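This report concerns only the one structure given below.
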Amino acid sequence: MYELKTLLPQFDIKLPTCMYHLKNVSLAADSLASGSSTSASTSASTSSCKLEANRIDRTGRNAATCALDLDSLGRQIQRLLKDDTASVAARQEKVLKQLEDLKAQLGQIRAGLGVCGKTFQHTTAFQNGGLKEVPLQDVVINGHPNFIPYALLALKNAWRDLYTIDVKTFTHSTMADIGPAAREFEANLAKVPVNPALPKISVTLIWKNCEHTEMISSPTMYVPIYGEVNIIRYLGRVGPAQYRYEGSPLCNEIDLVLDICYQLLRCNTHKTQVAMVRLLDKRLQKQQYFGGAQMSVADIGVYSSLIRMPAVTEKDLTPALVAWRKRAKLVVQI
């Protein structure tokens, strides 16, 4: 083989003192710990291996390597793992005992304060299309008075006997005046009674100078859900079982109708708005509602979208859509 010259001189390496100390699992460390006799034999064995390798390299014979003592290395690894496992198990037992003590202390505090153990409403997996059971948190919706989320009022009326949506409204400092339409919307929300016996979700509606209607569903992280249609999707998943469509055979159809509503709200010309209305008519066909024979969140989305499109008059609707609108109005009461 080619002989390479040393480019860098030998020098002492000073290790930093700020590093974690790790156990040495090499054979050399084990031999140093075992005593002077073992060290001498190991050094002799290592030296002989080096001499033998140099001799073979000089004579040009087949390459040879110094064999490792695999049995000794295996014993070292097993001993280290056994010690670490025992220490980890001891620490785990200590932590579990501390958690049990903390649980008992919290139970005593709760009993002393007279606090009920049931603090959250939960959605169940078998009623919610297989979704994981999670605590139902209050939500915040930021909306502009020019884009009133009529779906909240429609859902509140449609779920009057099934579920309670408790909506409280506030005005952000970026809005000098919310206008008569938003004030009428607030008054209509206040007219719907809140039934404390029904499951409830609290919604805080903030009139704000924002570009899109957005909903914040998590109190710990700012992950907004944009668009009224997507807010309807969220409420449909946590609302009454009759309106949860994840396990319905019409799941894809309902999502498709809501997608058309999303596009309708973003049409800039009357021609494109009428084109979206024609697509809705094709999805309705001869059905009573967009979700089949029963009212669904798709009907809520379509009804709210048509209210927000004053340019779309009854002349632009087909006879089927006009009849559907009369049936839906009896439920949403807008």
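The values are calculated or read from the model by the stated rules, or taken from the named source; none is laboratory data. Here the structure is a predicted model, which is why all the values come from computation and not from measurement. FYI the Cβ positions are ideal-geometry reconstructions off the backbone, even for glycines, and counts take in every protein chain you see. We work out accessible area using only protein heavy atoms, side chains counted, and drop any ligands, DNA or RNA first. Shrake-Rupley method; radii C 1.70, N 1.55, O 1.52, S 1.80 Å.
Output the qualifying pairs, or none if there are none: Cβ atoms under 8 angstrom, residues six or more apart or on different chains, first residue in region 223-237 and without any contact (Cβ under 8 Å) to a residue 12 or more places away in the chain, second residue assigned to a helix (DSSP H, G or I) and among the hydrophobic types (A, V, I, L, M, F, W, C).
Ile225/Ile231
Sort through Gln273, Gln285, Gln294 and tell me the only one that's touching a Cys at 6+ places or on another chain (Cβ under 8 Å) and free of Cβ contacts under 8 Å to residues at least 60 places away in the same chain.
The conditions single out Gln273.
Among the residues of region 214-223, what is the count of those that are closer than 21 Å to Asp166 by Cβ and open to solvent by 10 Å² or more (accessible area, probe 1.4 Å)?
5
For Gly301, indicate whether it is among the small types (Gly, Ala, Ser), modelled with pLDDT under 90, in contact with a Phe, Trp or Tyr (Cβ under 9 Å, 6 or more places away or on another chain) and open to solvent by less than 30 Å² (accessible area, probe 1.4 Å).
The answer is no for Gly301.
Looking at Gln288, Gln273 in this structure, which one is open to solvent by 60 Å² or more (accessible area, probe 1.4 Å) and either more than 21 Å from Tyr163 (Cα to Cα) or out of contact with any Phe, Trp or Tyr (no Cβ under 9 Å at 6 or more places or on another chain) (or both)?
Residue meeting the stated conditions: Gln288.
Just checking, how many residues over region 315-326 are assigned to a helix (DSSP H, G or I) and either more than 14 Å from His270 (Cβ to Cβ) or under 37 Å from the mean Cα position of the chain (by Cα) (or both)? Before the answer, list the steps.
So in region 315-326, the residues assigned to a helix (DSSP H, G or I) come out as 315-316, 319-326.
Next, from what is left, pick out any that are either more than 14 Å from His270 (Cβ to Cβ) or under 37 Å from the mean Cα position of the chain (by Cα) (or both): 319-326.
Residues meeting the conditions: 8.
How many residues does region 188-211 contain that are free of Cβ contacts under 8 Å to residues at least 60 places away in the same chain and touching a strand residue (DSSP E or B) at 6+ places or on another chain (Cβ under 7 Å)?
Here the count works out to 4.
Among (1) surrounded by fewer than 10 Cβ atoms within 10 Å (Cβ to Cβ); (2) of a type in the set (A, V, I, L, M, F, W, C); (3) touching a Lys or Arg at 6+ places or on another chain (Cβ under 8 Å), which single condition is Val203 missing?
So the condition that Val203 fails would be (1).
Can you confirm whether region 242-252 contains a residue that is in a helix (DSSP H, G or I) and open to solvent by 40 Å² or more (accessible area, probe 1.4 Å)?
Checked against the condition, which is being in a helix (DSSP H, G or I) and open to solvent by 40 Å² or more (accessible area, probe 1.4 Å), region 242-252 yields at least one hit.
Before we move on, is Thr169 at pLDDT 90 or above and more than 22 Å from Arg308 (Cα to Cα)? Break it down into steps so the answer makes sense when it comes.
Working: at pLDDT 90 or above: yes; more than 22 Å from Arg308 (Cα to Cα): no.
No: the conditions fail for Thr169.
Take the conditions open to solvent by 10 Å² or more (accessible area, probe 1.4 Å) and more than 23 Å from Tyr163 (Cβ to Cβ) and apply them to Gln333. Does it pass? Before the answer, list the steps.
Numbers: open to solvent by 10 Å² or more (accessible area, probe 1.4 Å): yes; more than 23 Å from Tyr163 (Cβ to Cβ): no.
Spelling it out, it is not the case that Gln333 is open to solvent by 10 Å² or more (accessible area, probe 1.4 Å) and more than 23 Å from Tyr163 (Cβ to Cβ).
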